[in-house]
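Peer 1: Here it is, the structure in full.
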Amino acid sequence: MAVGFRSFLRVDPGQSLVETVIGHIARWSLAKQIEVDPATPGRYDFADDNVLTIFREHDGDSQIYRWRRVHEAAVRGDVWRTTFTALERPDAPGWLWSEIETVDGNRPEPSSPFACMSVPRVLRDLLGKLTCYDGRTEMTARPQWGTSRNLPDLMDYLADDSRLGAVYIASQGTRETDDFVDWATQVTWHLVGLGSVFLLDNTVNREFNEMVGAGHAVPSGTVRTFLPCVDLDDPRDPQRHKILGIGRITESSPRRLAGMLGLIERTRGAESSLPPEAVELDRVLLAREPGPTIAQPASLHAVTIAEAVMASRSAEHQGATSDVQALREELDRVRAELNQERAQRATILAHLKALTQEINALRARDTIDTAPRQRLSAS
């Protein structure tokens, strides 16, 4: 078992974090036909080989919540365990930890359809409802525009040593604005919850390059990955921050680029050290988890850029994993709605059948009551 997706985000205080998470998991569960109330703690067995554990508790003014689904009969390529853990505090930042573990993780094997694990739909939706941060950088579900006014903030984001994920900066180059936004959204589709994405038009791009210097500059029309703790004064530092160049961008489809970036960021996220408080809370929750102890996942090996490129090529040949996942989720939602309509229709038909039987019974009684009078009048 290995981590295929891990996102750890800080959440601003004063938000209904736990209730919001429960609401989104409830909608997702309905689409997946999981008929378990995510607000009710306990251990639930369903669908023969699935175990769902829900933990919810108040710790003073804080709230702790965990939702964990385990597919005990998972085989290679399957999702084995999905976990959402939230800590809500009234006067201090809380956090949201999302993790998906698979039988074969996110290893770049061409035969694996899960070479790049999709972003959980719950997390993508939550980022549209909650104010979340990676370190000091706000995390959003879509790329953000960088402006001349917020360039100083962007410099702070780059230098931040508390963030776990990368900051991606995309330069517009020769693309039209709408085309650039669409392209960047596709290319960074698998980075939601893992990295922050900023778009620079050509004017702001030049201003940015003047501020960071030649070594850390973003060439026009490229995408640069800035790892945590950027040091503009260290001449060796630019080597850490890779550039997705014009050549590779030109020869690759957005889907292929998205798979490559997503695979690298997932490996980086799986290897990042979680804050000690999250590790300690996880230990406590595991000790209190009802039922048998569940094995812990193995760690992933580091994924090189070359391996990610190979995996992205394979993924492109096999089709759009993210598109397929989205279609599967939509299909599950439609099935849930159809099942609900069928249940309602069956109830209505049963009611109509009962009414028909009652009407037939009344007609039969009327026939019996009037039959003697009909014979008497005839005589």
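The values are calculated or read from the model by the stated rules, or taken from the named source; none is laboratory data. Just so we're clear, the structure is a prediction, and the values are computed from it rather than from any experiment. Every residue, glycine as well, gets a Cβ built from its backbone with ideal geometry; the counts of neighbours run over all protein chains shown.
Peer 1: What tally of residues in segment 49-76 results from selecting those that are without any contact (Cβ under 8 Å) to a residue 12 or more places away in the chain and part of a loop (DSSP other than H, G, I, E, B)?
Peer 2: Qualifying residue count, segment 49-76: 1.
Peer 1: Look through Ala159, Ala214 and report the one residue that is at pLDDT 95 or above, in contact with a Cys (Cβ under 7 Å, 6 or more places away or on another chain), not assigned by TED's automatic domain parsing to the domain that holds Phe8 and not aromatic (Phe, Trp, Tyr).
Peer 2: Of Ala159, Ala214, the one residue that is at pLDDT 95 or above, in contact with a Cys (Cβ under 7 Å, 6 or more places away or on another chain), not assigned by TED's automatic domain parsing to the domain that holds Phe8 and not aromatic (Phe, Trp, Tyr) is Ala159.
Peer 1: Could you check segment 66-84 and list, in sequence order, the residues that are touching a Pro at 6+ places or on another chain (Cβ under 9 Å) and either hydroxyl-bearing (Ser, Thr, Tyr) or at negative phi (or both)?
Peer 2: Trp67, Trp80, Arg81, Thr82, Phe84
Peer 1: Within segment 29-46, can one find any residue that is touching a helix residue (DSSP H, G or I) at 6+ places or on another chain (Cβ under 6 Å), in a helix (DSSP H, G or I) and either touching a residue at least 24 places away in the same chain (Cβ under 8 Å) or small (Gly, Ala, Ser) (or both)?
Peer 2: For segment 29-46, residues touching a helix residue (DSSP H, G or I) at 6+ places or on another chain (Cβ under 6 Å), in a helix (DSSP H, G or I) and either touching a residue at least 24 places away in the same chain (Cβ under 8 Å) or small (Gly, Ala, Ser) (or both): present.
Peer 1: Then there's this: I'm trying to understand the selection: among the residues of segment 233-253, which are over 18 Å from Ala166 (Cα atoms), acidic (Asp, Glu) and either touching a helix residue (DSSP H, G or I) at 6+ places or on another chain (Cβ under 8 Å) or surrounded by 10 or more Cβ atoms within 10 Å (Cβ to Cβ) (or both)?
Peer 2: Result: Asp234, single match.
Peer 1: Let me ask you something else. Tell me whether segment 221-240 contains one or more residues that are among the small types (Gly, Ala, Ser) and in contact (Cβ under 8 Å) with a residue 60 or more places away in the chain.
Peer 2: Looking for residues that are among the small types (Gly, Ala, Ser) and in contact (Cβ under 8 Å) with a residue 60 or more places away in the chain, one finds none in segment 221-240, hence no.
Peer 1: Any residue at all in segment 85-97 that is in a strand (DSSP E or B), of a type in the set (Ser, Thr, Tyr), touching a helix residue (DSSP H, G or I) at 6+ places or on another chain (Cβ under 6 Å) and within 27 Å of Asp134 (Cα to Cα)?
Peer 2: Within segment 85-97, not a single residue is in a strand (DSSP E or B), of a type in the set (Ser, Thr, Tyr), touching a helix residue (DSSP H, G or I) at 6+ places or on another chain (Cβ under 6 Å) and within 27 Å of Asp134 (Cα to Cα).
Peer 1: Can you work out which of the residues in segment 1-21 that are in a helix (DSSP H, G or I) and in contact with a strand residue (DSSP E or B) (Cβ under 7 Å, 6 or more places away or on another chain) is farthest from Ala141 (Cα to Cα)?
Peer 2: Step by step, filter segment 1-21, then rank; the result is Val18.
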